[in-house]
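Below: one structure, written as structure tokens.
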Amino acid sequence: LANPLVLKLLPMRVSHLCQRSALLQRGNALAAMGKEDEAIQSYESVFPLVKDEPRCARIDWERHSLYVNIGNSHSRKGDFAAADEKFTTAEKLGTEHIEGDNVKDGKGMVACAKRARAFALKRAGKMDDAKKLLKEVVDQQIADNLEEEKQKAEEEAAAKALAEDKREEAASN
């Protein structure tokens, strides 16, 4: 069912994935202990492991998480400028997906980066900016939810109409 060459490489890819996950979790543990510089080093050590990976939502979410986590560590260290640079990069990944063919993941990435930036703004004493940004995120989520509900209702109406047409067709035969 699978190409033998791909199967031969599978253990290497699984090992690679486990290493990336371990480094990410190590960074999270270090950050939880307040060891922000070590956490940043752990997160940054993942980037060389994903640099040759294809651009897709799964890998970009991984990259996105790294940028957000590094930004959060910089924020906790009191370096809002460095944090904001990482949040901007994370947001850009999402924007690229929105402009491409993966709007849902893209919007999720953008919202996550904006939330992280808002909390960093709060930590930096810029409460009004933080509130404004969080309001933007909430407003976008409300708009997306309404659009999703509208689409679902339209799909249900179309399915109901199709079923009705089939019943009428069966009754006339």
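Select from region 103-150 the residues that are of a type in the set (Asp, Glu) and touching a His at 6+ places or on another chain (Cβ under 8 Å) and list them in ascending order.
Asp105, the sole residue that qualifies.
Give the residue that is most open to solvent (accessible area, probe 1.4 Å), with candidates limited to residues of region 87-111 that are in contact with a helix residue (DSSP H, G or I) (Cβ under 6 Å, 6 or more places away or on another chain) and of a type in the set (A, V, I, L, M, F, W, C).
Within region 87-111, the match that is most open to solvent (accessible area, probe 1.4 Å) is Ile98.
Please state which one of Arg26, Arg13 is modelled with pLDDT under 90 and open to solvent by 70 Å² or more (accessible area, probe 1.4 Å).
Arg13
Quick one: Leu162 ticks every box in (1) modelled with pLDDT under 95; (2) closer than 25 Å to Asp37 by Cα; (3) not basic (Lys, Arg) except a single one, so which number is it?
So the condition that Leu162 fails would be (2).
How many residues, within region 101-138, are within 15 Å of the chain's Cα centre (by Cα) and not charged (D, E, K, R)?
Final tally of qualifying residues: 11.
I'm trying to understand the selection: among the residues of region 40-82, which are in a helix (DSSP H, G or I) and among the aliphatic types (A, V, I, L, M)?
Ile40, Leu49, Val50, Ala57, Ile59, Leu66, Val68, Ile70, Ala81, Ala82
What number of residues within region 139-166 are over 22 Å from the mean Cα position of the chain (by Cα) and polar (S, T, N, Q)?
1
Within region 39-58, count every residue that is open to solvent by 40 Å² or more (accessible area, probe 1.4 Å) and either at pLDDT 90 or above or touching a helix residue (DSSP H, G or I) at 6+ places or on another chain (Cβ under 6 Å) (or both).
The qualifying residues number 5.
How many residues does region 113-135 contain that are without any contact (Cβ under 8 Å) to a residue 24 or more places away in the chain, within 21 Å of Ser65 (Cα to Cα) and open to solvent by 80 Å² or more (accessible area, probe 1.4 Å)?
Residues meeting the conditions: 2.
Of the residues Arg63, Arg58, which is without any contact (Cβ under 8 Å) to a residue 24 or more places away in the chain, basic (Lys, Arg) and under 24 Å from Gly106 (Cα atoms)?
Going through Arg63, Arg58 in turn, just one is without any contact (Cβ under 8 Å) to a residue 24 or more places away in the chain, basic (Lys, Arg) and under 24 Å from Gly106 (Cα atoms): Arg58.
The values are calculated or read from the model by the stated rules, or taken from the named source; none is laboratory data. Just so it is clear, the structure is predicted and the values come from calculations on it, not from any experiment. No Cβ is skipped: glycine too gets one built from the backbone with ideal geometry, and neighbour counts run over all protein chains shown. For accessibility, only protein heavy atoms count, side chains too; no ligands or nucleic acids. Shrake-Rupley method; radii C 1.70, N 1.55, O 1.52, S 1.80 Å.
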